[in-house]
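What follows is a single structure, written as structure tokens, with notes after it.
The values are calculated or read from the model by the stated rules, or taken from the named source; none is laboratory data. Given the structure is predicted, the values throughout are model-derived calculations rather than measurements. Ideal geometry is used to build each Cβ from the backbone, glycine not excepted, and the neighbour counts take in all protein chains shown. With ligands, DNA and RNA removed, areas are computed over all heavy atoms of the protein, side chains included. Shrake-Rupley method; radii C 1.70, N 1.55, O 1.52, S 1.80 Å.
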Amino acid sequence: MSVIDTYGRRINYLRLSITDRCNLRCTYCMPAEGIRKCSMSDVLSYEELHQITQSAVDIGVEKVRITGGEPLVRKGVVSFLTGLHRIPGLKKLVLTTNGLLLDEMADDLKLAGVESINISLDSMRPEVFSRITRLGDVNRVMAGIEAAERAGFRYLKINMVVMKGVNDEEVLDFAALTLEKPITVRFIEYMPTAREHDWQSLMIGGDELLSRISRRFSIQKVVNEALDGPAVNYRIKGAAGKVGFITPISRHFCHDCNRIRVTSSGAVKSCLFEEGTTNLRPYLAVGDVVGLREALRRVAGRKPLTHSFLAAGEADGCQFSMSQIGG
Ligand code: SAM
Ligand code: SF4
């Protein structure tokens, strides 16, 4: 059983944020002082998050991505993941992290049943990395990536948000990471989620990055597999890994978007840019599993055709922190 929305898209992917807390303050994601956090009582318990996942699988979700905030800062995350992995019908349990805690947690995540990990890394240069993240030490992320490889995560993905004049000089270095290792480096267009007035001067489209990379390397398009994300992927000739382009701004991928999102406080969204949300708490509070399932089905079924950021021709960006929704 699965949900087919009004526009014929099959909705089978849930992004589940398990915390709005983070150990970094990336400039494109939140202000320096951080965002107003949900009170602890607003954050769903692991039992509630498990119930939501179970209900999502009941209506046809096959892939769940755990995100945040930074998911690895939440205590007890490994046991929570072990429980999720046991849900019959869940085909893929995956995780997105900033990598700071991976060095110590990669083995446990593998044992818990996490199939693959996306690591956000916007620069390999220590000063640039700490400027973008405001707090981060890139060496810890690099150690985390190595630990994940040692733990047996063979197909790691590295996500780089590319910003003109900030880190775009490193695009070829990032592409070169795929030569020897079977990793996928994905270049993500910068999204104006925090209403930065200069966002257009920072944004570089996927097409420009593709042409920069193809001037340096010979590359070929790769066909995506089922449940792959929205990236358009290429392989540098002879390379072990792939490079991908995620272009929410220059070439949106709404036509085959298959995802819904649930925040750590129980709001479900059918689109990252959707303004309204549906609150799942009332169903959780009374143990109404049928109501929960139907609420998820309703939200999934009424996904907008395209995101409102584009529909409204919005030029100044919209106002939310990606850490509150999970990216
Ligand atoms: N803390 C984890 C991390 O950074 O990977 C998970 C949550 S983070 C919100 C999820 C993803 O959203 C990251 O890959 C991050 O780079 C991306 N992201 C956040 N703000 C963004 C923005 N304004 N434009 C593009 N991507 C953004
Ligand atoms: Fe934290 Fe991830 Fe947002 Fe950076 S992108 S501030 S690591 S939630």
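Its DSSP H runs of at least 4 residues, each contributing -39,500 (n - 2.57), put the calculated 222 nm mean residue ellipticity of the chain at -8500 deg cm²/dmol, to the nearest 500. Please list log₁₀ I(q)/I(0) at q = 0.08, 0.12, 0.14 Å⁻¹ for the chain, using the Debye equation with identical point scatterers on the alpha-carbon positions. Evaluating at q = 0.08, 0.12, 0.14 Å⁻¹ gives log10 I(q)/I(0) of -0.34, -0.82, -1.17. Of all lysines in the structure, those lying under 20 Å Cα to Cα from K269, and not within fewer than 8 positions of it along the same chain, are K37, K63, K303.
Taking every DSSP bridge with both residues inside the chain, close to 35 percent are antiparallel. Extending 7 Å from Cα along the Cβ direction at R125 and again at V222 yields two label points whose distance is 2.7 nm. Our note on the geometry: Cα centres of region 1-30 and region 231-269, 11 Å apart.
In this structure L16 has an accessible area near 0 Å², from a 1.4 Å probe over the protein heavy atoms. Spread over its residues, the convex hull of the C-alpha atoms of region 1-118 is 128 Å³ per residue.
The region of the chain that goes longest without hitting one of the GluC sites (Glu not before Pro) in a DSSP loop, each with at most 12 other Cβ atoms within 10 Å, is 34-179. Taking every protein chain into account, the 1.4 Å probe leaves S201 with about 70 Å² of accessible area, to the nearest ten.
Using equal-weight Cα scatterers in the Debye expression, the normalised intensity of region 148-207 in log10 at q = 0.15, 0.17, 0.24, 0.27 Å⁻¹ is -0.54, -0.64, -0.97, -1.11.
Roughly how large, in nm² to one decimal, is the mean projection of the convex hull of the alpha-carbon atoms in region 64-142? Hull-based average projected area comes out at 5.1 nm². Shown here for region 36-128: trypsin sites (Lys or Arg not before Pro) in loop regions (DSSP other than H, G, I, E, B) with at most 16 other Cβ atoms within 10 Å, namely R36, K37, K75, R86, K91. In nanometres, what is the gap between the two model label sites at V78 and F253, each 7 Å from Cα along Cα-to-Cβ? Label at V78, label at F253, 3.2 nm between them.
Of the whole protein surface, F153 contributes about 10 Å² of accessible area at a 1.4 Å probe radius. Calculated accessible area for region 1-131 comes out at 41 Å² per residue, all protein chains present (probe 1.4 Å; ligands, DNA, RNA ignored).
Using a 1.4 Å probe on the protein chains only, how many percent of the accessible area of the chain belongs to carbon and sulfur?
On the chain, the fraction of accessible area on carbon and sulfur atoms equals 51 percent.
Taking label positions 7 Å along the Cα-Cβ direction at both D108 and N279, the computed distance is 3.3 nm, reported to one decimal.
Equivalent-ellipsoid semi-axes (√(5λ), Cα gyration tensor) for region 35-176, whole Å, largest first? Intermediate values should be presented prior to the final figure.
On the way: eigenvalues 165, 63, 41 Å².
So the three semi-axes of region 35-176 are 29, 18, 14 Å.
Taken per residue, the accessible surface of region 140-204 reaches 42 Å², heavy atoms only and a 1.4 Å probe.
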